[in-house]
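Trainee: Submitted below is the structure of interest, expressed as structure tokens.
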Amino acid sequence: MRSLAPSLLAAVAVLAIPTSASAHRQWLLPSETSVSGTDSWVTVDAAISNDLFYPDHVAMQTGAINVTQPDGSEGKIQNAATGRYRSMFDVQIDKPGTWKIGTFATNVSGSFKLNGEDWTVGRRRGPPPAGANAAPPRTVATVAEIPAGATDIKLTEAINRNEVFVTSDAPTAIVLKPTGKGLEFDPQTHPSDLVANEPAKFRFLIDSKPAAGLKVTLVPGGKRFRDAESAQELTTGADGVIDVRWPFAGVYWLNVSASDANSSIPNAAQRRMSYTTTLEVPAP
């Protein structure tokens, strides 16, 4: 693995992240990320919690979970169940290569005026109206429902990805191919080739172009057994790449976010994007 140029190394700053940043993180945790043969099952936990990989807040819903098989075709989850603090489901790994499991969500929120009154788009903000004579909330669920006479339309598009990778036998790259929409993970080191104390290179793209200057957060699991969160914050270089060295073996949560004004939605002044993955890093 070639070392990064000095100028890029200077841009990749590593610093401690306050523990308070850990509140309410969404995560997927597979029971294993590398299996042998084509007769295996992987169980995935899915939750939103304060402590990573310890369900203590609310369960993720499984209805939006997608599975992509190594050949690019659609797979499925099985045996899904949702409890108070976490959901779980199984994926049958019956083809060799790398699988992708996760969510891809897009939505639009915002506001507009109609006849001088304020309306919202998407999820209604604030508490419900109180009292028997309270007016019903003025809201529409989608952009398509905005009335023709609306004014002062202000919208924000959100594109969020949360995914994990499982490899049977040798790693493959079809499920890693970028789609060209929003913020995406384009690893130069395959997620199944990570090893503690060895470098890895990850590239991030926005609409297929290198995403420079993004803050990438890496948090190892097991915080309950440490005095500090031991997180890293890395900054992508001009080529969208970060250079990571894993201080110890374990499971790591990676998150990066970005925003711009390049939404394809009319009247959307801002586009917010996030990418999250869970990576398993074995010992040498």
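Trainee: Among the residues of the range 49-69, is there at least one that is of a type outside the set (Gly, Ala, Ser) and touching an Asp or Glu at 6+ places or on another chain (Cβ under 6 Å)?
Mentor: Looking for residues that are of a type outside the set (Gly, Ala, Ser) and touching an Asp or Glu at 6+ places or on another chain (Cβ under 6 Å), one finds at least one in the range 49-69, hence yes.
Trainee: Which residue pairs have Cβ atoms closer than 7 Å, lie 6 or more positions apart in sequence or on different chains, and pair a first residue in the range 136-156 that is free of Cβ contacts under 8 Å to residues at least 24 places away in the same chain with a second residue that is not in a loop (DSSP other than H, G, I, E, B) and not acidic (Asp, Glu)?
Mentor: THR139/TRP119; THR139/THR120; VAL140/TRP119; VAL140/VAL121
Trainee: Inspect all residues belonging to the range 254-265 and state whether any of them is assigned by TED's automatic domain parsing to the domain that holds GLU163, within 25 Å of VAL35 (Cβ to Cβ) and crowded, with 19+ Cβ neighbours inside 10 Å.
Mentor: yes
Trainee: Further, regarding this structure: Being closer than 30 Å to ASP152 by Cα, modelled with pLDDT of 95 or more and of a type outside the set (A, V, I, L, M, F, W, C) is the filter here, so list the residues in the range 221-269 that pass it.
Mentor: Result: SER257, SER259, ASP260.
Trainee: Tell me, which residue of the range 225-253 that is in contact with a strand residue (DSSP E or B) (Cβ under 8 Å, 6 or more places away or on another chain) and of a type in the set (A, V, I, L, M) is surrounded by the most Cβ atoms within 10 Å (Cβ to Cβ)?
Mentor: The qualifying residue surrounded by the most Cβ atoms within 10 Å (Cβ to Cβ) is ILE242.
Trainee: Something else now. Applying the selection to the range 44-92, what residues are closer than 19 Å to THR33 by Cβ, in a loop (DSSP other than H, G, I, E, B) and small (Gly, Ala, Ser)?
Mentor: The one that is closer than 19 Å to THR33 by Cβ, in a loop (DSSP other than H, G, I, E, B) and small (Gly, Ala, Ser): GLY75.
Trainee: Do we have any residue at all in the range 100-111 that's in a strand (DSSP E or B), modelled with pLDDT of 95 or more and either touching a helix residue (DSSP H, G or I) at 6+ places or on another chain (Cβ under 8 Å) or of a type in the set (D, E, K, R) (or both)?
Mentor: Within the range 100-111, one or more residues are in a strand (DSSP E or B), modelled with pLDDT of 95 or more and either touching a helix residue (DSSP H, G or I) at 6+ places or on another chain (Cβ under 8 Å) or of a type in the set (D, E, K, R) (or both).
Trainee: Looking at the range 193-214, is at least one residue in a helix (DSSP H, G or I), in contact with an Asp or Glu (Cβ under 6 Å, 6 or more places away or on another chain) and not aliphatic (A, V, I, L, M)?
Mentor: The answer is no, given that none of the residues of the range 193-214 is in a helix (DSSP H, G or I), in contact with an Asp or Glu (Cβ under 6 Å, 6 or more places away or on another chain) and not aliphatic (A, V, I, L, M).
The values are calculated or read from the model by the stated rules, or taken from the named source; none is laboratory data. Values in this document were obtained by computation on a predicted structure and should not be read as measured data. Methodologically, a virtual Cβ is constructed for each residue, glycine included, from the backbone with ideal geometry; neighbour enumeration extends over all protein chains shown.
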